[in-house]
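Note sheet for the following structure.
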Amino acid sequence: MWWYRFYSFSFLFGKFLARRVIDPIARITNEVHRISASNLHNRLADTDGKDEISDLTKTFNDMLDRLETSFEIQANFINNASHELKTPITTIIAETEIMLLKERETEEYVTSLENINKQASKLGKLTESLLKLTQTGYDGTKQVLDEARIDEILLEVKASIDTLFPNNRVNIKLNSIPENEALLTIPCNIPLLELALNNIISNAVKYSDNDEVFVNLMVDDSRIKIVITDIGIGIPPEDVPYLYEPFFRGKIASKYNGYGLGLPLAMKIIRMHNGELQIQSETGKGTVVTITFEKSNRKPKK
């Protein structure tokens with residue numbers, strides 16, 4: 001009968017070990033089932049051990065941290081977008097209702113139509129910016145369809161800014177660019193890359209009250225670098241962490257017209273092109289924006 005006792009002992013011991021392994025996983029499974037979009041703040045109970053279960057718990061809690069942050073940013077974006085879109089729509093509706101209450105003089109109709117046109121233009125620009133922001137959310141490799149010289153893109157942007165700000169003092173320096181065209185060529189979505197550069201340079205013009213803005217293009221065998229320098233109002237240190245958050249506008253910047261979408265959009269477009277955007281600024285002394293495309297990150301056109 002010894003073999004029967006040995007078998008019984010082995011069975012019970014095996015069952016004990018199995019429960020030691022399965023019970024923590026079952027506990028994690030039950031806790032995960034209770035977490036949804038409405039209670040993302042919940043977390044799995046931490047364990048003090050250094051085994052695989054502890055690693056799994058920590059990994060899952062880290063994922064929940066990222067998800068909760070993402071949901072909060074999305075909710076904040078939707079709330080701000082709704083507010084920004086609602087304001088001009090409400091103004092247009094109110095304006096038309098007032099004008100339809102009774103017959104009015106021609107001058108009153110003209111004034112009202114001018115106001116409606118202003119609000120409609122604001123709504124159109126805001127909608128276009130939101131659509132562009134959404135467009136950059138797709139797979140960047142599918143958006144990068146063209147190849148263009150970066151100096152020619154900058155000149156196109158300058159022509160566009162000359163139309164928007166006829167008296168601008170933007171100075172583009174192309175003196176040190178190489179003769180080798182291959183070093184200047186970058187795989188890109190031309191309209192989007194032009195939009196990103198336009199947004200950044202236009203911000204420099206706007207927030208420097210049309211003072212001098214210097215755009216310096218530097219190209220070598222390893223990278224393309226664009227440095228945009230202004231001597232404008234600068235950015236307070238407390239605003240820097242929120243610069244890429246859609247609709248964010250600092251206290252100083254809020255005195256100027258804008259929606260807080262230009263820089264977040266520019267950042268997404270540049271990242272989509274495997275580039276890097278860096279901002280250095282000091283309040284009252286100006287801002288330096290550096291855009292870098294490393295040669296190793298510039299994928300050739302297929």
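The values are calculated or read from the model by the stated rules, or taken from the named source; none is laboratory data. This structure is a prediction, so every number in the text was calculated from the model and none was measured. Reconstructed Cβ throughout: ideal geometry from the backbone, glycine too, with neighbour counts over all protein chains shown. Keep in mind that these areas ignore ligands, DNA and RNA; they rest on the heavy atoms of the full protein, side chains included. Shrake-Rupley method; radii C 1.70, N 1.55, O 1.52, S 1.80 Å.
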- Here the residues within segment 49-70 that are modelled with pLDDT of 65 or more and either open to solvent by 60 Å² or more (accessible area, probe 1.4 Å) or not in a helix (DSSP H, G or I) (or both) are 50, 51, 52, 55, 56, 58, 59, 63, 65, 66, 67
- Within segment 252-270, considering residues that are assigned to a loop (DSSP other than H, G, I, E, B) and among the hydrophobic types (A, V, I, L, M, F, W, C), the one modelled with the highest pLDDT: 252
- Message: Name the residue that is farthest from the chain's Cα centre (by Cα), counting only residues in segment 147-165 that are surrounded by 15 or more Cβ atoms within 10 Å (Cβ to Cβ) and touching a residue at least 60 places away in the same chain (Cβ under 8 Å).
- Response: 151
- Message: Anything in segment 221-251 that is in contact (Cβ under 8 Å) with a residue 12 or more places away in the chain, under 25 Å from residue 85 (Cα atoms) and either open to solvent by less than 50 Å² (accessible area, probe 1.4 Å) or assigned to a helix (DSSP H, G or I) (or both)? List them, or say none.
- Response: 239, 243, 246, 247, 250
- Query: Of the residues 125, 132, 142, which is exposed (fewer than 12 other Cβ atoms within 10 Å of the Cβ), within 20 Å of the chain's Cα centre (by Cα), at pLDDT below 90 and not aromatic (Phe, Trp, Tyr)?
  - Reply: 142
- Being hydroxyl-bearing (Ser, Thr, Tyr), open to solvent by 30 Å² or more (accessible area, probe 1.4 Å) and at pLDDT 90 or above is the filter here, so list the residues in segment 166-220 that pass it. 185, 207
